[in-house]
Every structure is written in C-alpha cells, then in structure tokens.
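Enquirer: Shown below is the structure under consideration.
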C-alpha cells in the first residue's frame with residue numbers, strides 16, 4: 001500500500017479481512033531495520049474492514065514499513081491473514097492541485113509516482129526520514145556527518161542511552177547535550193553545566209612518548225602538584241562506540257524539484273518520453289541499422305529536468321573500511 005504523506009493528519013490505513021466484528025493483531029515494523037512501530041489490537045467492522053489511525057510518527061517522516069495482521073481470538077495471536085509493504089512518502093507535488101475531478105486526481109497520482117521514481121533514480125530522493133548512524137570515536141571533539149541532518153534524536157554511547165529527546169527527564173541523560181554544528185557537517189557535545197568557553201579539537205591530538213621522571217607524574221597518584229597533562233581530553237574518545245538516531249533528508253521539497261517533476265508529469269501525460277529518438281548517433285538506410293549514444297541510459301529524458309537535477313547529484317561516496 002502506498003500512502004501520500006499529505007494533510008489531513010493523522011494518516012489512516014484500511015484493509016479488508018476475513019471476518020466481521022472480529023479481533024485482529026496489527027504489527028508495523030521498519031523494513032530496513034527490525035524496529036516495531038505499532039503493536040495493537042484492532043477490531044473489524046460489520047463490513048469486515050479494519051481501519052487504523054497511524055501514530056504521529058508516520059505523519060512526520062517518510063519511510064517504508066512491513067505490515068502484518070494476525071487473527072487474535074481470545075487474546076492469543078493466531079494465523080497471519082494479511083502481509084503487506086506500507087510505503088508512506090511525501091509527494092514532490094500535490095496531485096490534488098493538478099486535477100479537478102476525482103478521475104483526474106487519480107490519474108495525476110499515478111503520473112506523480114512514476115515521475116518521482118525517475119527523479120529518485122537519478123538523485124536518490126528528497127524525503128524526510130530518520131536514520132541510524134553507527135560510528136566509532138576518533139579522538140576528536142567532532143563527529144563528522146555524511147547525511148543532511150537536522151536534529152539528534154537519540155544517542156547511545158557504548159550501548160548506554162545517554163541522550164533522548166522523548167525522555168521526560170531528558171534530553172540529556174548524562175552530562176552532555178548532543179548538537180549539530182551550524183554548517184550541518186558534524187555532531188558536537190556541549191556540557192549541561194555552564195562553562196565560560198570551550199576550545200574544541202578538530203583533529204586527534206598527537207601522542208608524545210615520555211621518559212620516566214622522579215619529579216613529574218603523568219597521573220596524580222601521589223597527591224602531588226607536579227603533574228603533567230600528556231594529552232588533552234576530547235569528548236568523542238578514541239574507540240568509543242556511538243549510535244546516533246538523526247532526522248535527515250529534506251524538511252521541504254526544493255522549489256526547483258517541484259518544477260522539475262511538474263515538467264516530467266506533463267511529458268508523461270503527453271507521451272513525450274520517447275526520448276530515445278534524441279540519442280541516435282548514426283544510422284544506415286540500408287537495413288536501417290541504428291546506433292545509439294550511451295547518453296540514452298542516463299538522465300530523465302528531459303534535458304531541462306536533467307539540468308535542474310545536476311546540482312543535487314554528487315559522486316562523493318560514504319567512506320568505509322575494507
């Protein structure tokens with residue numbers, strides 16, 4: 001089932017089940033990670049239909065989910081009766097504004113879905129969702145971001161929950177707040193207790209080998225004033241394990257993307273996507289042998305749309321370890 005994330009909210013789903021006025025068990029999980037979003041008992045109507053009002057989370061973020069409905073006789077989970085993919089995505093242009101009649105709006109919904117899929121295949125999409133980032137501290141005061149992030153929702157440090165915006169005692173559950181820098185390139189930590197200033201280390205401090213000394217102690221083990229700080233402290237210690245839950249993507253669809261998808265929708269409606277004709281590089285009148293340029297397999301088929309999408313295409317990959 002595909003649902004457009006548009007007002008009025010909250011969103012709701014409906015499914016036909018086998019029996020009227022019967023109890024069922026509804027489960028909705030994230031498709032890409034095993035996180036249960038909904039587990040709830042529902043009752044079918046006299047017409048054997050289940051209607052369920054989705055929680056506010058589904059109205060705020062785009063996502064793909066796995067839905068299951070089980071029989072639930074006498075409070076016991078029974079046989080699986082429905083299994084479905086539930087896709088909730090914000091359209092790049094509202095189909096309701098493109099048509100006037102119900103049939104036209106339905107037609108434009110199909111065109112918008114196809115045009116959006118073409119744009120997503122080139123750019124990766126312009127959705128607003130949550131994602132997990134699992135990283136290891138590198139001994140600095142900054143944690144680099146490789147996603148367009150807006151807000152830190154949860155943080156686990158060495159498997160311990162230390163920051164949660166939904167916690168009634170939070171968001172900081174320890175001594176630190178987790179913030180995204182103004183240029184959206186990294187995550188930093190600010191102390192909960194007020195401090196005068198803080199000079200953050202953007203690179204790992206060098207390690208210096210020191211010889212043994214009778215007058216200077218590297219650690220204050222003998223209650224002496226003659227101590228030496230060998231290496232300054234950092235907030236993301238080397239080897240520390242972190243899991244961040246972030247709001248990422250696009251809060252609103254860029255205006256030029258709305259223009260681009262409108263052009264594509266018009267091309268699809270008018271049958272102008274026979275763009276293979278533009279990429280014939282050579283042909284022979286004898287036997288009509290055609291040769292196509294390799295550009296045939298690139299872009300959307302509309303040169304103006306391709307120019308708009310160029311600014312959103314990047315060849316920078318996410319770094320990893322082999």
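No value in this document is a laboratory result; all are computed from the given coordinates. All values reported here derive from a predicted model rather than from experimental measurement. Because the Cβ atoms are built from the backbone with ideal geometry, glycine has one as well, and the counts that use them run over all protein chains shown.
Enquirer: Once you have the Cα-Cα distance between residue 121 and residue 138, take 0.36 nm times their residue separation minus that, and quote the gain in nm to one decimal.
Expert: Numbers: separation 17, 0.36 × 17 = 6.12 nm, distance 3.40 nm.
Gain in length upon complete extension: 2.7 nm.
Enquirer: If one computes the Cα centroid of region 57-75 and of region 93-122, what distance in Å separates the two points?
Expert: 26 Å
Enquirer: Going 7 Å from the Cα of residue 87 toward and past its Cβ, which residues in region 112-148 have a backbone nitrogen under 20 Å from where you end up?
Expert: 112-131
Enquirer: Could you bin all the Cα-Cα distances of region 2-90 into 5 Å bins starting at 0 and give me the percent of pairs in each, rounded to whole numbers?
Expert: Taking every Cα pair in region 2-90, the percentages come to 3, 14, 25, 24, 18, 11, 4, 0.
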